[in-house]
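Structure, as structure tokens:
The values are calculated or read from the model by the stated rules, or taken from the named source; none is laboratory data. Everything quoted here is computed from the prediction, not taken from an experiment. Note that each Cβ is placed from the backbone with ideal geometry, even for glycine, and that neighbours are counted across all protein chains shown. For accessibility, only protein heavy atoms count, side chains too; no ligands or nucleic acids. Shrake-Rupley method; radii C 1.70, N 1.55, O 1.52, S 1.80 Å.
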Amino acid sequence: MPTVEVLGTAQDAGVPHIGCHCDQCESARTKEGQQRYAAAVLLSDGGNYLFDATPDIRFQVTTVPDGVFLTHAHLGHLPGLLFFGQEAANTERTPVYATEGLNDVIRNAPPLNLLIEQDNLTLNDLAPRATVVLDAVNVESRPVEHRESLPTGTFAYVMDGPERSLLYMTDIDEWDPTTRRLVEEVDIALVDGTFWSEDELERTEEVPHPYVKDSIRELDAEQTEIYFTHLNHTNPLLDRESEEYDRLKAAGFDTVSAGTKFEL
Ligand SMILES: [Zn+2]
Ligand SMILES: [Zn+2]
Ligand SMILES: [Zn+2]
């Protein structure tokens, strides 16, 4: 049975967050098991396929993945690719799947281009709604809006297994018809839970994400099993004792932890 394992649940910068001395970050620095890695999942289906190469990759996987699907070019999703190079795993032609624009960056921008010159990776340009057929699971690329200032585009991925389908969608600007439909289409959805509310950051208008407090009113938890991930260090949902976590659970939703597994 193919499985998807959660490897990380934090926004790109992880918890603790560099330069931050909030309670969550201080507790993550001092207490065993309180730190959170950047959001990623591992699909096991014949081989092991990593979704997003985070800066925390060396703590997240114990064996080198057989392939990597990238959502987009931000901090939490791309830099782990460097660990496939000569200083680390020195892989041979590990397949990478991403938008053509993101692959162009990897092909041309040092130091990422060394991974191509040294044959550590082979790049596969995915068109929107392209399907990659693995063993028992088909993976489909689905473009979503996530800060248009990033010209290389953003994919969510749908993993369609023999029994169930799972959506991996960590970064979106808002719940628009496209992102809503994606959630409705699948059995399990891991979605953007970056911020609980607008109270968390002064510059949220620069980093648009739907707020979880609104998402739980807008999404249908009866139709799809919905889990929030990619939590910012400011998000009260990090604390399962919080009143916000109680509200989330009461509405029929949940968060995930590193190690959570879903069978497809
Ligand atoms: Zn992100
Ligand atoms: Zn913090
Ligand atoms: Zn992003």
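General observations
- Top-ranked residue of the stretch 174-192 - restricted to ones that are touching a helix residue (DSSP H, G or I) at 6+ places or on another chain (Cβ under 9 Å) and open to solvent by less than 10 Å² (accessible area, probe 1.4 Å), ranked as nearest to ligand 2 (Cβ to nearest atom): Asp192
- Matching entry among Asp214, Asp171 (being open to solvent by less than 50 Å² (accessible area, probe 1.4 Å), at pLDDT 95 or above and part of a helix (DSSP H, G or I)): Asp214
- Meets criteria (within 15 Å of Phe51 (Cα to Cα) and either among the polar types (S, T, N, Q) or out of contact with any Gly (no Cβ under 7 Å at 6 or more places or on another chain) (or both)) for Gly80: yes
- Across the stretch 69-105, the qualifying residues are those that are assigned to a strand (DSSP E or B), without any contact (Cβ under 8 Å) to a residue 60 or more places away in the chain and within 16 Å of ligand 1 (Cβ to nearest atom), and the one among them that is most open to solvent (accessible area, probe 1.4 Å) is Thr99.
- Gly153 meets each of the listed conditions (1) open to solvent by less than 20 Å² (accessible area, probe 1.4 Å); (2) of a type in the set (Gly, Ala, Ser); (3) on the phi > 0 side of the Ramachandran plot apart from (1).
- Residues within the stretch 8-44 that are crowded, with 23+ Cβ neighbours inside 10 Å and over 16 Å from Asn235 (Cα atoms), tallied: 3
- Any hit, the stretch 45-52, residues being outside any loop (DSSP other than H, G, I, E, B), under 21 Å from Asp104 (Cβ atoms) and either open to solvent by 50 Å² or more (accessible area, probe 1.4 Å) or of a type in the set (Gly, Ala, Ser) (or both): no
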